Structure formats: C-alpha cells, structure tokens
1. Roughly how far apart, in whole Å, are the Cα centres of the stretch 1-16 and the stretch 28-59?
2. Averaged over all directions, how much area does the convex hull of the C-alpha atoms of the chain cover when projected, in nm²?
3. Of the listed peptides 26-35, 6-15, what is their order by residue-averaged count of other C-beta atoms within 10 Å, with the highest listed first?
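What follows draws every value from the coordinates through simple rules; no lab data is involved. This structure is a prediction, so every number in the text was calculated from the model and none was measured. In this analysis, Cβ positions are derived from the backbone assuming ideal geometry, glycine residues included, and neighbour counts consider all displayed protein chains.
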Amino acid sequence: MIIDFLFALILCFVYFVPTIVAYSRGHKNALAIFILNLFLGYTLVGWVVALIWAVYNSEPKKKRS
C-alpha cells in the first residue's frame, strides 16, 4: 500500500517536471506552461512541448520592488 502511494507520488512528480522547471527558472509564462502541462501533459506531445517551452531561455519575469 505504501509502495503504491510512493509510486503515484513519483508519477505526479515526473508528470509536472515541465511546470517545476518553469517555476524554478522564473519563466514569464510559467502559469501557461502549468495549464498546458495539466490539460495536455498526459499526451506525450503535450508533455514534450511543455518541457521545451519551460527550458527555452526567455527573459525571466521582472520582480517588482
């Protein structure tokens, strides 16, 4: 039972790797990448597109001071 939970947790982590990468890099379209990942990540094409978009070097969003 605990193994099933850990397996599901690992799968969720892998599923949201593009979102995690986007937020950690401060991507200006991190929310859009999350939405794409959430709704189309189950398809391999949607997941790869979200990952490429997250890794693509764009300007990080400006922090307001």
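1. Centre-to-centre (Cα) distance: 20 Å.
2. Mean projected area of the Cα convex hull: 5.3 nm².
3. In descending order of packing, they fall as 26-35, 6-15.
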